[in-house]
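Undergrad: I am attaching a structure below and will ask some questions about it afterwards.
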Amino acid sequence: MAISKPQRVIVLGSTGSIGRTALEVVRDFSHAFTVVALSTHRNVEILARQAAEFRPEAVCVSHAPSAARFRGVLPGDLETLEGEEGPTRLVEHYDADVLVVATVGFAGLFPTLAGIDRGMRIALANKEVLVVAGEIVMERAHRRGVEIVPIDSEHNAIWQCLAGNDRRAVRRLILTASGGPLRGWPASRLETVTPAEALKHPTWRMGRKITIDCATMMNKGLEVIEACHLFGVAPERVEVVVHPQSTIHSMVEFVDGSILAQMGRTNMYLPILNALTSPERFENKFEPLDLAAVGRLDFARPDDENFPCLGYAYEAIRRGGTMPAALNAANEEAVAAFLGEKIPFTGIAETIRAAMDAHDAVEHPDLETLREADRQARAFARKHAGIAA
Ligand code: MG
């Protein structure tokens, strides 16, 4: 633990499951980290508790109506930003070494770009940032000499497997997928899956949106796109293998045939700890993985027929341009419609398919074009799902 002075950390999305775990790491290693600013979308109660404990210089509530409820809860000297632009302004106005982007969805893009511009190390959990605007984000990070360290467990595993190895000698990246709670269910049964059934993840405990993405396999699809951008590889060199135990978090195969795997407990504490401390290694407080208790490691090919979303994601990254943004936007809306019991489980994939078919992809989009693609695909998906815009 050779970090000489505490790293200044901003956590965006601090009240979600990744954000709370990031703050747990900060709490456990308070000599190494200090919190500069926190943001939530609307969970003001948790934010108030976090602010009281970590004493940041500023907080942000991006859902303006919730911010109104927040007034008076905190001491007046704590600066509180409100509204959609709040997280970006937070990053622009406060100095930090590390920006933890633990928000969900497209909205995380703008504060991430602001963090890159300010030279902050980006610990990235918000996969949509790379899915939607991977080219822009990676190019800007490269130009600014900024490191983007993945928190997503699969990508963090690959990041660890690549360390110290020749990246030109990589043959394939192998992403593991648990297969989600509905793996092996017959097609007929998938029509009537309830949100509660789809939310029962077998190995990982996460937020609702990502858990549904695991059930449809879209999470793995988004991770394929994320991996292509993060590690600069073509989609045909990213493979997905179903691994129900989730013990291997992902692997890298090199040209000599060696496959390196990163294993660990199914607990996000480890990838977050790694993203905040790499290349150093801090001691993990949790029990080590008991391999004998795991017993066996199984592998299988994904079921593309019953779970077509993974294939849609490969198609979107191959098509490129604004297509991944359209895929992501349609997925966000379709998942919300499913959770709101407006469409059946199988309606998620149908909505995404229809939105992709309707989308005219634009090559090399700028941010405004991406925003417009996002807007259009959302409107289309909502209409398709029978929700008034
Ligand atoms: Mg993941």
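The values are calculated or read from the model by the stated rules, or taken from the named source; none is laboratory data. If you're wondering where the values come from, they're calculated on a predicted model, not measured in any experiment. Every residue, glycine as well, gets a Cβ built from its backbone with ideal geometry; the counts of neighbours run over all protein chains shown. To get the accessible areas, we keep the full protein, side chains included, count just its heavy atoms, and leave off ligands, DNA and RNA. Shrake-Rupley method; radii C 1.70, N 1.55, O 1.52, S 1.80 Å.
Undergrad: Using DSSP to call loops (not H, G, I, E or B), can you name the GluC sites (Glu not before Pro) in the range 275-345 whose Cβ has at most 13 other Cβ atoms within 10 angstrom? It would help to have the intermediate numbers written out before the result.
TA: Numbers: sites: Glu280, Glu283, Glu305, Glu315, Glu332, Glu333, Glu341; in loops: Glu280, Glu283, Glu305, Glu341.
Taking the range 275-345 and a limit of 13 other Cβ atoms within 10 Å, the loop GluC sites (Glu not before Pro) found are Glu280, Glu283, Glu305, Glu341.
Undergrad: Please give the residues of the range 164-202, grouped as numeric ranges, whose backbone N is less than 17 Å from a label point set 7 Å along the Cα-to-Cβ vector of Ala234.
TA: Answer for the range 164-202: 168-174.
Undergrad: So how much slack lies between Glu53 and Lys200, counting 0.36 nm per residue of separation and subtracting their Cα-Cα distance, in nm? Don't jump to the answer; show the numbers that get you there.
TA: On the way: separation 147, 0.36 × 147 = 52.92 nm, distance 3.18 nm.
Between Glu53 and Lys200, full extension yields an extra 49.7 nm.
Undergrad: Give a residue-ordered list of calculated ³J(HN,Hα) values for the range 203-217 (Karplus: 6.51 cos²θ - 1.76 cosθ + 1.60, θ = phi - 60°; whole Hz; x for Gly, Pro).
TA: 10, 10, 9, 9, x, 5, 4, 5, 5, 5, 4, 5, 5, 8, 6
Undergrad: What nm value, rounded to one decimal, do you get for the distance between Phe299 and Ala361 when each label is placed 7 Å out toward the C-beta?
TA: It works out to 2.9 nm between the two label points.
Undergrad: May I pose another question? Please work out the Cα convex hull volume for the chain and give it in Å³ per residue. Walk me through the numbers before you get to the answer.
TA: Values: hull volume 55.0 nm³, N = 389.
In the chain, the Cα convex hull volume per residue is 141 Å³.
Undergrad: Can I ask one more? List every residue whose amide H lies under 5 Å from the amide H of Ala177, counting only residues 5 or more places away in sequence or on a different chain, with H placed 1.01 Å from N in the peptide plane.
TA: Those lying under 5 Å, H to H, from Ala177 are Val241, Val242, His243.
Undergrad: What list of ³J(HN,Hα) values in whole Hz, one per residue of the range 175-191 in order, does the Karplus curve 6.51 cos²θ - 1.76 cosθ + 1.60 (θ = phi - 60°) give from phi, with Gly and Pro shown as x?
TA: Running phi through 6.51 cos²θ - 1.76 cosθ + 1.60 with θ = phi - 60° gives 8, 8, 10, 5, x, x, x, 10, 4, x, 6, x, 3, 4, 6, 5, 4 Hz.
Undergrad: Name the residues of the range 363-386 whose amide N is less than 12 Å from a point 7 angstrom out from the Cα of Lys342 along the C-beta direction?
TA: Flagged as within label range: 378-386.
Undergrad: Run through the range 164-252 and list the GluC sites (Glu not before Pro) located in a DSSP loop whose Cβ has at most 13 other Cβ atoms within 10 Å.
TA: Those that pass, being in a loop and sparsely packed, are Glu191.
Undergrad: Turning to a different aspect of this structure: How much FRET efficiency would the formula 1/(1 + (r/R0)^6) give for Arg167 and His93, where r is the Cβ-Cβ distance and R0 is 25 Å, rounded to 0.05? Provide the component values of the computation, followed by the final result.
TA: On the way: r = 36 Å, r/R0 = 1.43.
That pair, Arg167 with His93, gives E of 0.10.
Undergrad: Please compute the per residue accessible area over the range 7-150 with all protein chains in place, 1.4 Å probe, rounded to a whole number of Å².
TA: Numbers: 5670 Å² over 144 residues.
Per-residue value: 39 Å².
Undergrad: Please give the net charge around Trp185, taking every other residue with its beta carbon less than 13 angstrom from that of Trp185, where Lys and Arg add +1 and Asp and Glu add -1.
TA: Values: positive: Arg183, Arg189, Lys200; negative: Glu191, Glu197, Asp303, Glu305.
Residues close to Trp185 contribute a combined charge of -1.
Undergrad: Carbon and sulfur: what percent of the range 246-333's accessible surface (1.4 Å probe)? Kindly include the intermediate steps, with their values, before the conclusion.
TA: Working: 2100 of 4160 Å².
For the range 246-333, the apolar C and S fraction of the accessible surface comes to 50 percent.
Undergrad: Measure off 7 Å from each Cα along the Cα-to-Cβ vector at Ile259 and Glu84, then give the distance between these two points in nanometres to one decimal.
TA: So the label points at Ile259 and Glu84 sit 4.4 nm apart.
Undergrad: Hey, another quick one. Between the range 37-89 and the range 239-255, how many Å separate their Cα centres?
TA: 39 Å
Undergrad: Now, a different point. How far apart, in nanometres, would the label points at Ala379 and Lys209 be if each is projected 7 angstrom from Cα along the Cα-to-Cβ direction?
TA: Label at Ala379, label at Lys209, 2.1 nm between them.
Undergrad: Moving on. Within the range 1-127, what whole-number % of the accessible surface is contributed by carbon and sulfur, with the 1.4 Å probe and all protein chains included in the calculation?
TA: Numbers: 2560 of 5220 Å².
Accessible surface attributable to carbon and sulfur in the range 1-127 totals 49 percent.
Undergrad: Counting other C-beta atoms within 10 Å, and keeping those with at most 11, which DSSP coil trypsin sites (Lys or Arg not before Pro) do you find in the range 271-374?
TA: Working: sites: Arg281, Lys285, Arg296, Arg318, Arg319, Lys342, Arg353, Arg371; in loops: Arg281, Lys285, Arg296, Lys342.
Filter output for the range 271-374: Arg281, Lys285, Arg296.
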